[in-house]
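Colleague: Below you will find the structure I want to go over with you.
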Amino acid sequence: MAEGPSAEEAAPLLHGLPDEITVWEILVLLPPKSLLRCRAVCPAWRRATSTRDFLLAHHARQPSLPLLCGYDFSSGDGVSLDVIPFDHRAGLAAADQLQSVARLGNSFTGPEASCDGLLLTGSLHLGYSICNPATRQHARLEEIDRFALLGMYPHSPTGEYRLLLGKCNRTILGPHDSYVYTLGSGQPPRRISFPGEEHTMVDGSSSVLCRGSLHWHVQQHVGASNMIKLFNTTTESFQQMRAPAVPGSANLFEMDGMLGMYSLNDALTTIDIWMTRDYESEAWAFKYRVEVPVAELRDYMIESWAFKYRGELPELTEHFGMFCNLVKVVVMPGDGELLVLVESEDRLHVVDINGKLVASFHHSGLGVTQLRLKQTLVPHTFFPTLKGHVVNDSPFI
């Protein structure tokens, strides 16, 4: 006769609550670090939170947050990098909004791509690495050392994670210059080319994954129409779509399954924002014009510089006419609305779409990125196949 469940297995995970509620309405909502601590409570909690179905549901419920970088140049491990998802959701204390989820030592470069909780860090000249900050897995990617990164994506037909690459130091999409590398395949990058397609300059770190395609805004020469370059990640083929006319460069973002675009004037004081009204027909709608609160931000900057360079404030104030040289501005979706993030000195400023400064944070070495991080504890099978794969070891601190 088969033995019945032990007393521990039969007992509910939380006294007085059905396991269905404990697992699927409480534990599934916890951030990864808290969930990992819960696994240490008892074997039953560990079993309940380790199934693939649970981990997939847990990942689906995690917020997709703007990714910030915190650099520490005084670290004993060289330049260290803090991976900081900016959790701006209502109800959180200010100290909890800039919590690092991982720290990497000897990190002279920041994240270049993010996808399903994975971060790709590095550069063409210093080499690339792949990591999962939540599971603390890390591996170098020596096979792509001579390539420039153009984007990272999940390949839905196979479930693989792949990198779109350009040859050498060229970030050019077009025939003879594009390659695909499959993580964990053990194979070198394979060349893909499409006869008759124009070469197009793109910034590889600015790719946006939306509706199964990577997107880049292409800055055209004077007199040419604006366009967005697409890479269909299922068919692995290039396409293009119309973009709103802007005088210079622009950046893209994804929000609720729709593609958005923003452009800044040369002084970085005005932001124009568009959203696709109908993605399939390539129809766009102008949504907002945001006036950056320059006067308020300049006051913060003068205050920071006055503290940093005591006694030299009269000379420093002469430089504050060059606002565009002192800040970095990005537009990111956040908690159902768009946010403008302004990096200046050691501060992060948050501006709403009405141009109101709603928050300001001081954090030494803080930098904004164009990326978002949606943490995951789902195991990725390619990690153990990569040379030099480590778990909870250097370069994690």
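Colleague: Could you work out what % of the accessible surface of the stretch 17-118 is carbon and sulfur, using a 1.4 angstrom probe and leaving DNA, RNA and ligands out of the count?
Modeller: 55 percent
Colleague: Is there a quick way to get the dipole size of the stretch 268-307? I mean about its Cα centre, with the Cβ of Lys and Arg at +1 and of Asp and Glu at -1; what is the value in debye to the nearest 20?
Modeller: 60 debye
Colleague: Once the whole set of protein chains is in place, how much accessible area is left on GLU112, using a 1.4 Å probe, in Å² to the nearest 10?
Modeller: Rounded to the nearest 10, that gives 60 Å².
Colleague: How large is the convex hull of the Cα atoms of the stretch 33-161 per residue, expressed in Å³ as a whole number?
Modeller: 153 Å³
Colleague: Compare HIS380, HIS389 by solvent-accessible area with a 1.4 Å probe and give them largest first, with all protein chains kept in place.
Modeller: HIS389, HIS380
Colleague: I would also like to ask the following. How do 96-106, 285-295, 364-374 rank on mean C-beta neighbours within 10 Å, highest first?
Modeller: Taking the mean over residues of other Cβ atoms within 10 Å, the ranking is 364-374, 96-106, 285-295.
Colleague: For ASP145, ASP256, what's the largest-to-smallest order of accessible area, 1.4 Å probe?
Modeller: Ranking ASP145, ASP256 by accessible area, largest first, yields ASP256, ASP145.
Colleague: A further question follows. With 26 Å as the limit, write out which pairs from LYS229/LYS287; LYS167/LYS229; LYS287/LYS328; LYS33/LYS287; LYS33/LYS356 have Cα-Cα distances beyond it, or answer none.
Modeller: LYS33/LYS287; LYS33/LYS356
Colleague: Still on this structure: With unit charges on the beta carbons (Lys and Arg positive, Asp and Glu negative) and the dipole taken about the Cα centre of the stretch 57-135, which residue among ALA102, SER114, SER64 sits farthest to the positive side?
Modeller: My answer, from the dipole projection, is SER64.
Colleague: Follow-up question, since we're still on this one. What is the P(r) of the stretch 261-305, as percent of Cα-Cα pairs per 5 Å bin from 0?
Modeller: 5, 19, 18, 15, 14, 11, 6, 5, 4, 1
Colleague: Per residue, how much accessible surface does the stretch 344-397 expose to a 1.4 Å probe? Answer in Å², no decimals.
Modeller: 46 Å²
Colleague: A further question follows. For a quick check of understanding: with a 1.4 angstrom probe and all protein chains in place, what accessible area in square angstrom does ARG140 have, to the nearest ten?
Modeller: Only protein atoms counted, so the area is about 80 Å².
Colleague: With the Cα gyration tensor of the stretch 62-125 giving a ≥ b ≥ c as the square roots of its eigenvalues, does the rule (a/c under 1.5 for rounded; else a/b larger than b/c for prolate; else oblate) give rounded, prolate or oblate?
Modeller: Since a/c reaches 1.5 but b/c is at least a/b, the shape of the stretch 62-125 is classed as oblate.
Colleague: Send over the semi-axes of the stretch 90-152's equivalent ellipsoid, whole angstrom and largest first, taken as the square roots of 5 times the C-alpha gyration tensor eigenvalues.
Modeller: 26, 12, 11
Colleague: Quick one: net charge of LEU230's neighbours, Cβ under 11 Å, K/R +1, D/E -1?
Modeller: +1
Colleague: Follow-up. At a 1.4 Å probe radius, which order do THR109, THR276 fall into by accessible area, largest first?
Modeller: Heavy-atom accessible area, descending, gives THR109, THR276.
The values are calculated or read from the model by the stated rules, or taken from the named source; none is laboratory data. No experiment lies behind these values; they were computed from the predicted model shown. Quick reminder, even Gly has a Cβ in these numbers, built from the backbone with ideal geometry, and neighbours come from all protein chains shown. What goes into the accessible areas is simple: the full protein's heavy atoms, side chains included, and nothing from ligands, DNA or RNA. Shrake-Rupley method; radii C 1.70, N 1.55, O 1.52, S 1.80 Å.
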